[in-house]
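Notes follow the structure.
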Amino acid sequence: MAVMKRQVLVLAVAMAFAGFIGCVVSYDRPPAGHQISTPQPKDLPSTSPQQVHISAVGPDKMRISWITESFAPALVEYGTSPNNYTNSVTGTSSSYSFLLYISGQINDVVIGPLNPNSVYYYRCSSDSSREFSFKTPPAQLPITFAVVGDLGQTDWTQSTLQHIGQSNYDMLLLPGDLSYADLFQRRWDSFGRLVEPLASQRPWMVTQGNHEIEKIPLVHKTPFTAYNARWCMPFEESGSTSNLYYSFDAAGVHVIMLGSYTDFGPNSDQFKWLQADLGKIDRGKTPWIFAIVHAPWYNTNTAHQGEPEADLMKQYMEELLYKARVDIVFAGHVHAYERFTRVYDGKADNCGPIYITIGDGGNREGLANMYMDPKPEISVFREASFGHAQLEVVNASHAVWMWHRNDDKFSVASDTVWFTSLLSDPACKP
């Protein structure tokens with residue numbers, strides 16, 4: 001009865017303040033897939049690791065994150081053979097509260113140095129019943145990224161994760177909107193268990209979306225509480241002061257994760273950090289540059305038009321990315337897929353970034369299937385379907401992009417194209 005009362009209270013608060021989590025309901029969506037919940041196994045002890053996921057930290061380290069329901073050591077033991085752990089590292093533990101919810105023990109441990117393109121086996125909290133393994137990314141090109149946004153927890157999400165799991169990728173990039181918990185914190189736990197089979201094997205590099213804000217005026221004033229506690233990214237290593245924006249190198253690619261829902265104006269810390277980060281890039285080491293936002297700067301879908309998180313951020317930051325010769329900008333938020341040609345200032349420009357919206361991972365809100373008509377010339381391919389993409393950066397000049405549509409729950413490579421880096425174009429030298 002007490003649990004039911006708490007659920008009713010949280011539901012009432014969520015409904016009362018739904019507008020403050022950034023949910024846009026100004027257009028009709030087709031029906032989404034059925035929501036799913038991933039429960040904790042009944043036979044799992046309270047000290048056993050769950051919701052295990054990893055993220056890259058620098059060129060040769062990995063952060064291992066997991067949750068235990070009760071106290072357990074924040075310890076990772078690892079090695080290059082199953083059940084043979086030659087190294088151990090102790091990290092930190094934390095927890096957070098949100099309304100009546102109190103999280104389990106959140107553990108973060110950074111291990112390394114690690115060899116590139118190698119498989120490691122590990123266990124968390126000295127739990128011998130659960131052994132995990134991961135493969136480190138390569139140190140040099142080629143490298144393959146899985147790209148997916150707005151995942152959520154539906155049967156479409158399951159389909160997308162299944163297709164990603166069948167692919168041979170080195171790292172996953174996620175431009176925001178992870179769990180769609182939307183104030184219900186146990187949905188974060190369910191999401192962590194849902195993605196654990198993949199997120200414990202390859203580094204997942206994420207940034208925040210509007211569904212991560214979870215701020216309630218007068219009741220819970222701090223935004224991104226759960227996101228920052230559960231999904232710590234390597235922001236300090238890139239000179240950032242916030243987990244909401246950071247950058248990292250992967251093989252020959254410099255990846256910039258930007259925050260659409262934190263300050264981005266010319267006087268903001270994020271803007272100044274971006275200027276400094278772009279100025280430090282060594283194109284000899286990283287000939288490719290990717291940037292990732294949540295709210296797309298270019299969008300011909302009728303959904304999410306006129307939002308300041310997209311329009312003002314584009315106004316302030318587009319020139320920075322253009323002058324630095326950023327190759328590709330990924331976004332989520334719009335629940336559909338769209339690929340643009342190279343663009344700058346609203347017009348086709350051979351030295352501008354390619355803009356790609358991929359907010360179609362499987363969210364609970366359904367697809368955004370209404371597009372502007374006629375189609376603007378800068379939009380090359382658009383389709384309202386769930387799916388994910390793979391981007392194989394083959395060498396310093398060429399990469400192949402494949403968007404896989406989950407059509408009738410089968411992965412279909414619906415859009416395939418070769419990209420050339422701006423660095424390889426003599427007319428576009430930064």
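The values are calculated or read from the model by the stated rules, or taken from the named source; none is laboratory data. These figures come from a predicted structure and were not determined experimentally. Here the Cβ positions follow ideal geometry from the backbone for every residue, glycine too, while neighbour counts run over all protein chains shown.
Right, SER65: in a strand (DSSP E or B), modelled with pLDDT of 95 or more and under 26 Å from the mean Cα position of the chain (by Cα) or not? I'd like the intermediate steps shown before the answer.
Values: in a strand (DSSP E or B): yes; modelled with pLDDT of 95 or more: yes; under 26 Å from the mean Cα position of the chain (by Cα): yes.
So SER65 fits the description; yes.
State the number of residues belonging to region 345-375 that are out of contact with any Leu (no Cβ under 9 Å at 6 or more places or on another chain) and either without any contact (Cβ under 8 Å) to a residue 24 or more places away in the chain or not β-branched (Val, Ile, Thr) (or both).
Total satisfying the criteria: 19.
Just need a number here: residues in region 173-204 that are in a strand (DSSP E or B) and crowded, with 24+ Cβ neighbours inside 10 Å.
Number satisfying all stated conditions: 2.
Filter region 109-127 down to the residues that are of a type in the set (Ser, Thr, Tyr), in contact (Cβ under 8 Å) with a residue 40 or more places away in the chain and part of a loop (DSSP other than H, G, I, E, B), then identify the one that is nearest to SER200 (Cα to Cα). Even if it seems obvious, please write down each step before you answer.
Kept after step one, since they are of a type in the set (Ser, Thr, Tyr), are these residues of region 109-127: 118, 120-122, 125-126.
Then keep just the ones that are in contact (Cβ under 8 Å) with a residue 40 or more places away in the chain; that gives 120-122, 125-126.
Adding the requirement that they be part of a loop (DSSP other than H, G, I, E, B) leaves 125-126.
Values: SER125: 15, SER126: 16 Å.
Across region 109-127, the extreme among qualifying residues is SER125.
Might you let me know whether region 294-309 holds any residue that is touching a strand residue (DSSP E or B) at 6+ places or on another chain (Cβ under 7 Å), at pLDDT 95 or above, in the same structural domain as THR357 (by TED's automatic domain parsing) and more than 21 Å from PHE381 (Cα to Cα)?
No, region 294-309 contains no residue that is touching a strand residue (DSSP E or B) at 6+ places or on another chain (Cβ under 7 Å), at pLDDT 95 or above, in the same structural domain as THR357 (by TED's automatic domain parsing) and more than 21 Å from PHE381 (Cα to Cα).
Take region 104-149 and flag every residue that is small (Gly, Ala, Ser), over 14 Å from ALA72 (Cβ atoms) and either buried (at least 18 other Cβ atoms within 10 Å of the Cβ) or out of contact with any Phe, Trp or Tyr (no Cβ under 9 Å at 6 or more places or on another chain) (or both). Even if it seems obvious, please write down each step before you answer.
Of region 104-149, the ones small (Gly, Ala, Ser) are 104, 112, 118, 125-126, 128-129, 133, 139, 146, 149.
Imposing the further condition that a residue be over 14 Å from ALA72 (Cβ atoms) reduces the set to 112, 118, 133, 139, 146, 149.
Hits for region 104-149 are GLY112, SER118, ALA139, ALA146, GLY149.
Any idea which residue in region 75-87 is nearest to the chain's Cα centre (by Cα), counting only those that are under 13 Å from ASP127 (Cα atoms) and of a type outside the set (Asp, Glu)?
Taking region 75-87 and keeping what is under 13 Å from ASP127 (Cα atoms), we get 75-78, 83, 85.
Subset that is of a type outside the set (Asp, Glu): 75-76, 78, 83, 85.
Values: LEU75: 25, VAL76: 24, TYR78: 26, ASN83: 31, TYR85: 30 Å.
Here the residue is VAL76.
Just the residues that are under 19 Å from the mean Cα position of the chain (by Cα) and either within 20 Å of LYS272 (Cβ to Cβ) or of a type in the set (Asp, Glu) (or both), please, taken from region 298-312.
The answer is GLU309, and nothing else.
Identify the residue in region 24-49 that is in contact with a strand residue (DSSP E or B) (Cβ under 8 Å, 6 or more places away or on another chain) and over 21 Å from ASP182 (Cα atoms) and, among all such residues, is modelled with the lowest pLDDT. Working first, answer last.
Just the residues of region 24-49 that are in contact with a strand residue (DSSP E or B) (Cβ under 8 Å, 6 or more places away or on another chain), to begin with: 32-36, 40, 44, 46-49.
Filter again for over 21 Å from ASP182 (Cα atoms), leaving 44, 46-49.
Working: LEU44: 90, SER46: 94, THR47: 95, SER48: 96, PRO49: 97.
My answer is LEU44.
Of ASP155, ASP150, ASP108, which residue is assigned by TED's automatic domain parsing to the domain that holds THR286 and closer than 24 Å to SER247 by Cβ? Don't jump to the end; show me each part of the working.
Values: ASP155 fails: closer than 24 Å to SER247 by Cβ; ASP108 fails: assigned by TED's automatic domain parsing to the domain that holds THR286.
Just one listed residue meets the conditions, ASP150.
Condition first: part of a strand (DSSP E or B) and either surrounded by fewer than 24 Cβ atoms within 10 Å (Cβ to Cβ) or free of Cβ contacts under 8 Å to residues at least 60 places away in the same chain (or both). Now tell me which residues in region 390-405 satisfy that. Please lay out each step first, then the result.
If we filter region 390-405 for residues that are part of a strand (DSSP E or B), which is where we start, we get 390-393, 398-405.
Matches in region 390-405: GLN390, LEU391, GLU392, HIS398, VAL400, TRP401, MET402, ARG405.
Just to be sure I understand, how many residues within region 280-312 are in a loop (DSSP other than H, G, I, E, B), touching a residue at least 40 places away in the same chain (Cβ under 8 Å) and of a type in the set (Gly, Ala, Ser)? First the steps, then the outcome.
Just the residues of region 280-312 that are in a loop (DSSP other than H, G, I, E, B), to begin with: 280-287, 293-300, 302-307.
Adding the requirement that they be touching a residue at least 40 places away in the same chain (Cβ under 8 Å) leaves 281, 283, 287, 293-300, 302-304, 307.
The next check asks that each one be of a type in the set (Gly, Ala, Ser); those that pass are 295, 303.
Of the residues in that region, 2 qualify.
Quickly run through region 88-108 and pick out the residues that are part of a strand (DSSP E or B), within 21 Å of SER48 (Cβ to Cβ) and of a type outside the set (Ser, Thr, Tyr).
The initial filter retains those residues of region 88-108 that are part of a strand (DSSP E or B), namely 88-90, 92-94, 97-98, 101-102, 105-108.
Still in the list and also within 21 Å of SER48 (Cβ to Cβ): 88-90, 92-94, 101-102, 105-108.
Answer for region 88-108, where residues must be part of a strand (DSSP E or B), within 21 Å of SER48 (Cβ to Cβ) and of a type outside the set (Ser, Thr, Tyr): VAL89, ILE102, GLN105, ILE106, ASN107, ASP108.
Table: residues versus (1) in a helix (DSSP H, G or I); (2) under 19 Å from ILE354 (Cα atoms).
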site: LEU244; (1), (2): no, no
site: ASP249; (1), (2): no, no
site: ASN267; (1), (2): no, no
site: GLN270; (1), (2): yes, no
site: LEU278; (1), (2): yes, yes
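Hey, could you check region 50-62 for residues that are modelled with pLDDT of 95 or more and small (Gly, Ala, Ser) and say which is nearest to THR136 (Cα to Cα)?
So, considering only residues that are modelled with pLDDT of 95 or more and small (Gly, Ala, Ser), the one nearest to THR136 (Cα to Cα) is ALA56.
Looking at (1) crowded, with 20+ Cβ neighbours inside 10 Å; (2) in contact (Cβ under 8 Å) with a residue 40 or more places away in the chain, which is the one condition that is false for ILE378?
Every condition holds for ILE378 apart from (1).
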